[in-house]
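What follows is a short report on a single structure.
Please treat every number below as a calculation from the coordinates, not as lab data. Just so we're clear, the structure is a prediction, and the values are computed from it rather than from any experiment. All Cβ positions, even for glycine, are placed from backbone atoms using ideal geometry, and neighbour counts span all protein chains on display.
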Amino acid sequence: MPIIVLLPGLGADERLFEPLHSAIPSLVVPPWPTPKSGDSLLAFAKRLLSVIPGGENMYLGGASFGGMVALELAALVRPRGVFLIGSCTSPQSITPVAQLTRAFLHVVPVSLFRPRRWQMPFVTPMFGRLTSGQRALFLSMAERTPASFLKWGLEAILSWHPSPVAVPVHHIHGSRDRLIPIGRVQPNRVVSGGGHLLTLTHAEEVVAFLSEAASDRHG
């Protein structure tokens, strides 16, 4: 099986893909570099060039924000294809509620992006139906993410100007994704009842989708 490089969503880390590792031994999840102030997604993607495997037998992909970065990377390294897991190819696909924040994000202090436990009952429903263990993992990943990274990432997403990608894009999406609504994207496969964290809640469907696409001799 080819190497599959996956990038986690904003506020997540390599643990987002733990349910996939046993089924995809070639899976690689590189660490996020530290962005510089004002970095675009393309500039940020360039910082990943030194930590991703080289070679032609590679797929890039990611969940949510990670899929967007993977698209920018694909414009630089030309993998065999790109996997989008609950992600999109344009900032216009993101829920309008998030898009409305773009005008004043620059004046919001970084401290307000620091996750707090009391916020979780209000935040986690946006990510779909989660078990208690999945909610605990979600909180742990969010707490580990620097607030400055969260703020920069949201600003970069909302000001994203996608680069042209000349490789196949394989997209799997949840029918109940509230952050990137299904009506705003055109995925190859829809997971019925799936929310935004498909690799945690519907790992088997994600593994099957990745394996099928990666084994396609045209992919």
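With θ taken as phi - 60° and the coefficients 6.51, -1.76 and 1.60, list the Karplus ³J(HN,Hα) couplings across segment 13-19 in order, rounded to whole Hz; mark glycine and proline as x.
3J(HN,Hα) across segment 13-19, in whole Hz: 9, 4, 5, 4, 9, 3, x.
Quick one: 3J(HN,Hα) in Hz for segment 21-37, Karplus 6.51/-1.76/1.60 with θ = phi - 60°, rounded, Gly and Pro as x.
Once rounded to whole Hz, the list reads 4, 5, 8, 10, x, 8, 5, 10, 10, x, x, 6, x, 8, x, 9, 4.
Amide H of G174 versus every other amide H placed in the peptide plane: which residues, excluding those fewer than 5 positions away on the same chain, fall under 5 Å?
Residues meeting the amide H criterion: G86, V191.
Using modelled amide H (1.01 Å from N, peptide plane; none on Pro or chain starts), what sits under 5 Å from the amide H of V169, excluding residues fewer than 5 places away?
V82
With unit charges on the beta carbon (Lys/Arg positive, Asp/Glu negative), name the residue among A203, V190, S148 whose Cα is farthest towards the positive pole of the charge dipole of segment 148-219.
S148
So for each of 194-204, 163-173, 76-86 I average, over its residues, the number of other beta carbons within 10 Å; can you give me the resulting order with the highest mean first?
76-86, 194-204, 163-173
Amide H to amide H, which residues 5 or more places from I4 or on other chains are under 5 Å from it, using H placed in the peptide plane?
Answer set, sorted by chain and number: L27, V28, Y59.
Taking θ = phi - 60°, what integer Hz values does the Karplus form 6.51 cos²θ - 1.76 cosθ + 1.60 yield along segment 185-201, in sequence order, with x for Gly and Pro?
10, 10, x, 6, 9, 10, 8, 4, x, x, x, 8, 10, 4, 5, 8, 8
Can you list the equivalent-ellipsoid semi-axes of the chain, largest first and in whole Å, using the square root of 5 times each Cα gyration tensor eigenvalue? It would help to have the intermediate numbers written out before the result.
On the way: eigenvalues 124, 83, 55 Å².
Its equivalent ellipsoid spans semi-axes of 25, 20, 17 Å.
Among residues other than V165 whose Cβ falls under 12 Å from its Cβ, what is the net charge (Lys/Arg +1, Asp/Glu -1)? It would help to have the intermediate numbers written out before the result.
Working: positive: R78; negative: E72.
With Lys, Arg at +1 and Asp, Glu at -1, the net is 0.
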